[in-house]
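The structure appears below as structure tokens.
The values are calculated or read from the model by the stated rules, or taken from the named source; none is laboratory data. Computed from a prediction, not measured in an experiment: that's the story for all the values here. Glycine gets a Cβ as well: all are built from the backbone with ideal geometry, and neighbour counts include every protein chain shown. Just so you know, the surface numbers come from the protein's heavy atoms only, side chains and all, with ligands and any DNA or RNA stripped out. Shrake-Rupley method; radii C 1.70, N 1.55, O 1.52, S 1.80 Å.
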Amino acid sequence: MKKIFTAIALTTVIFLSLSINQAQSQNASIRGFVYEKKTGEPIIFTNVYLFKTNYGAATDVNGFFAITKIPPGDYTLMVTYLGYDTLKMEVSLKPNDLMSQNLFLNKSSVMLEAVSISGEREAARTETRTSIVKVTPMDIKQIPSVGGQPDIAQYLQILPGVVFTGDQGGQLYIRGGSPIQNKVMLDGMVIYNPFHSIGLFSVFDTDILRNADIYTGGFNADHGGRISSVMDITTRDGNKKRFSGKLGASTFGAKAMIEGPIKKQGPDGGGSSSFVLSVKNSYLEQSSKVFYEYVNEDGLPFNFLDIYGKVSINAANGSKVNFFGFNFSDQVSYKDISNYSWDAVGGGANFVVIPGNSPVLMEGIAAYSSYEMRLEEDFTSPRTSSINGFNVGLNFTYFMGKDELKYGLEFLGFKTNFEFSNDVGQKIQQEENTTEIAAYVKYKLTTGKFLIEPGFRVQWYASLANVSLEPRFAMKYNATDNTRIKFAGGFYSQNLISARSDRDVVNLFYGFLSGPDNLPEEFDGKEVTDKLQKSQHLIIGVEHDLTRHLTINLEAYYKYFPQLTNLNRNKIYDEGTAPPNTPDSEMKDFIIEKGNAEGIDLSVKFDKNRLYIWAAYSYAFVNRYDGENWYHPHYDRRHNLNLLGSYTMGERMEWEVSVRWNFGTGFPFTQTQGYFEKITFDEGINSDYLTQNGQLGIEYAELNEGRLPTYHRLDFNLKRKFYLSENSILEADLSITNVYDRENVFYVNRVTNNVVYQLPVMPKKNLPRGRWKVLFFRLNLGDEQSN
């Protein structure tokens, strides 16, 4: 395996050195943006091409396209996209011309299904897309929504390789990576916890999302600082033409969104500015006492509030700057078990600049965010954690025909503060300031049937005095028009670690710590020379189009973690007062581990006319070695299956019914063997163990040798749209969660043996099964842009 990763590194360096030397000839270029004429919102991932030629490009997440290395001559520029009229424009290009052209599409009542399929297939041929899933609001709204509120947290649960702890807990695990190893960005800003305690909802409002790129492994050099996965989310701009809004309420919570122009965009473009503001909250703790008292007489203890705002200033040529800010908060209180809360706040700005005389796209970000959390439990000390910091980045993309060169710089700084007491009462506390600086380059080369994408990243961890050299590589071979073979791999590192108790059956608390320098001097018989957590990814897969509407994707992956840092659950002594010759495993705050994750992910997608079917199955193993024993971490799930079906009905597509079923084998946990009286000897040798009152001690079995029961759940959703006017829609939504009322275990208190289950059937109300309640009505005061 080491030879394979070495080969990746050498191949990356060779291709970069050869590719970057390519020069531009005396050809012409066309660049610009594609917008929806009605709102001014960019149209993403659509094809812009010169009719009857092989010259073309897809728009990016900003709606930007660049077609370069075009021979001089006269052409017809075309744009085709599902739901919009085809745009045609005659252009005449001279040698060395650089034409900037913004394009505006009108919505059409004609369904261009063939164009949609063609666009997807073209993207599959021209992008490596190994272990990458692109998610749009339209995708999210195809799954059964809980409480009538479609959410990316619910959509992520159906992706292959992704594991959630369940309806509650809000933790995301991607191909063997824990939440701390998954990087989440919102408009380029780092988000430290994207999910609420009730795992059905994220902090993101689906109505203002533009796109989300989910990298489950093998991501290239433009992303770093995490060793497992990346989730890159972009919000849309506010309506540039007119004011609009949206209101919604359900038994779970309420939401409101308003948007509009500050300076209107003209009929044919021009400079403009706009805003969008979103607020959503949960009042489930209060409403559940009325609607779901059968669950818990004290109500379901979940409350959250999410606020996000954005102002966009756009130049006539498409360059723009966005200013944004957020405040997300969460509160959950399980009576007689625990109280858990967190609060996040942040803001920043990003920009896109189109230089005047060069086929280059320049992007930048400067942002600050902070996150604080606290968990209080009976019989244990409180756990607290906070992290705050900034991230600044500058990226350049240089277009060379079908090839692209991208490079950039990234600066990060953050402060962590953490306090935790382990199972023997030893306090672990840390306060650290950390700085990271990174530079990267990647190149996409198209040659014949091959797409080759080498990359290289240098990550400097200033506080640890460590430099990480990280080659990355991706490749795709278009074997036939219907079959594509793909590969990705690379080296990854990170500084942040999490702090949780592996003794908990299910854990709500994830503390943040910067990588400590007080590590054991040896691990597994070898000297520890590096303070970073590291991983190496290897992924191979195949895509095959059985028909124009049916696609199968199969990927096998292996992630090797040669060094991980974990909280020392076996610490007994403080290092300064430990007896002589005490081993590191009994006095260090942190320990070194290693491990691996391997598995196979299979997905099947059928999308034709009004019917959408999705099936995803994962078979996976996650292993860790702590220097003495191999064990399975608490998120190791052997089998995970998701089935989804959606069908749209009616003359105006006003009816939609969807069903989703999830099955997952049980998670590992450490069983309890017994209880005993633990004497703390507070007065040292003067303590009288005969008269001193002890504390309750727990005798644990072998680490994570037990398994929770199997998890499965069926959800149902029925939606109906009522078109009140051109710009007003009333949407009624009936959703049933956990249709057959499966009792899935969520949390067990070891001391009291109190069990908290995942969500039961909702609604139920102790009525006959046929008498469901309508959960959600929504009035859209704008247009269908966010529906």
Fill in: Sorted largest first, extent of the stretch 442-488 alpha carbons per principal axis (Å)
50, 15, 9
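Return the subset of Lys241/Lys280; Lys88/Lys141; Lys320/Lys402; Lys141/Lys241 for which the Cα-Cα distance in this structure is over 28 Å, preserving the input order.
Working: Lys241/Lys280 25 Å; Lys88/Lys141 31 Å; Lys320/Lys402 25 Å; Lys141/Lys241 25 Å.
Going by Cα-Cα distance, Lys88/Lys141 fall outside the 28 Å limit.
Calculate the FRET efficiency for Phe450 and Val360 from the Cβ-Cβ distance with a Förster distance of 35 Å, rounded to the nearest 0.05. Display every interim value, and only then the final one.
On the way: r = 25 Å, r/R0 = 0.72.
Plugging the Cβ-Cβ distance into 1/(1 + (r/R0)^6) gives 0.90.
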Item to complete: For Ser100, Ser202, give the ranking by accessible area with the largest first, probe 1.4 Å.
Response: Ser100, Ser202
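Please list the three semi-axes, largest first and in whole Å, of the ellipsoid equivalent to the stretch 29-72, using sqrt of 5 times the eigenvalues of its alpha carbon gyration tensor.
Working: eigenvalues 89, 18, 15 Å².
Working from the Cα gyration tensor, I get semi-axes of 21, 9, 9 Å.
Over the residues of the stretch 239-286, compute the C-alpha Rg and express it relative to 2.2 N^0.38 Å. Write down the numbers at each step before the final one.
Numbers: Rg = 15.1 Å, N = 48, 2.2 N^0.38 = 9.6 Å.
Taking the Cα Rg and dividing by 2.2 N^0.38 Å, one obtains 1.57.
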Worksheet entry | Estimated D of the stretch 560-647 in µm² per second, where Rh is the Kirkwood radius over Cα pairs and Stokes-Einstein applies at 4 °C, 1.567 mPa s | 78
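Compute the length gained on full extension between Glu586 and Tyr617: take 0.36 nm times their separation in residues and subtract their Cα-Cα distance, giving the result in nm to one decimal. Please report the intermediate quantities before stating the final value.
Values: separation 31, 0.36 × 31 = 11.16 nm, distance 4.13 nm.
Stretched out fully, the Glu586 to Tyr617 stretch lengthens by 7.0 nm.
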Fill in: Kirkwood hydrodynamic radius of the stretch 510-659, from inverse mean 1/r over distinct Cα pairs, in Å
19.4
Response to the item:
Once amide hydrogens are built 1.01 Å from N within the peptide plane, the residues lying 5 or more places from Gly515 or on another chain with amide H under 5 Å from its amide H are Leu496, Ile497
Worksheet, complete the sentence: In this structure, the FRET efficiency calculated for Ala479 and Glu705 from their beta-carbon separation, with R0 = 41 Å, to the nearest 0.05, is 0.35
Worksheet entry | Residue-level accessible surface for Ser463, protein heavy atoms, 1.4 Å, Å² | 60
Worksheet, complete the sentence: In whole Å, largest first, the alpha carbons of the stretch 356-405 cover along the principal axes 66, 21, 9
Practice prompt. Starting at the first residue of the stretch 618-623, write each ³J(HN,Hα) from the Karplus equation 6.51 cos²θ - 1.76 cosθ + 1.60 with θ = phi - 60°, in whole Hz, x for Gly and Pro.
Written response: 10, 10, 9, 10, 10, 10
Worksheet item: So what are the radius of gyration and Dmax for the Cα set of the stretch 197-251, in Å?
Response: 15.8, 44
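So between Thr76 and Asp530, what do we pick up on full extension, going 0.36 nm a residue minus the alpha carbon distance?
On the way: separation 454, 0.36 × 454 = 163.44 nm, distance 5.73 nm.
Contour length minus the Cα-Cα distance gives 157.7 nm.
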Item to complete: Would you kindly derive the ³J(HN,Hα) couplings of the stretch 36-51 from the backbone phi angles with the Karplus curve 6.51 cos²θ - 1.76 cosθ + 1.60 (θ = phi - 60°), listing them in order in whole Hz, with x for Gly and Pro?
Response: 7, 5, 6, 10, x, 6, x, 9, 9, 6, 10, 8, 10, 8, 8, 4
Discussion item. Apply the Karplus curve 6.51 cos²θ - 1.76 cosθ + 1.60, θ = phi - 60°, to the phi angles in the stretch 319-332 and return the couplings in whole Hz, x for Gly and Pro.
Written reply: 4, 7, 9, 10, 10, 8, x, 8, 9, 10, 9, 8, 9, 9
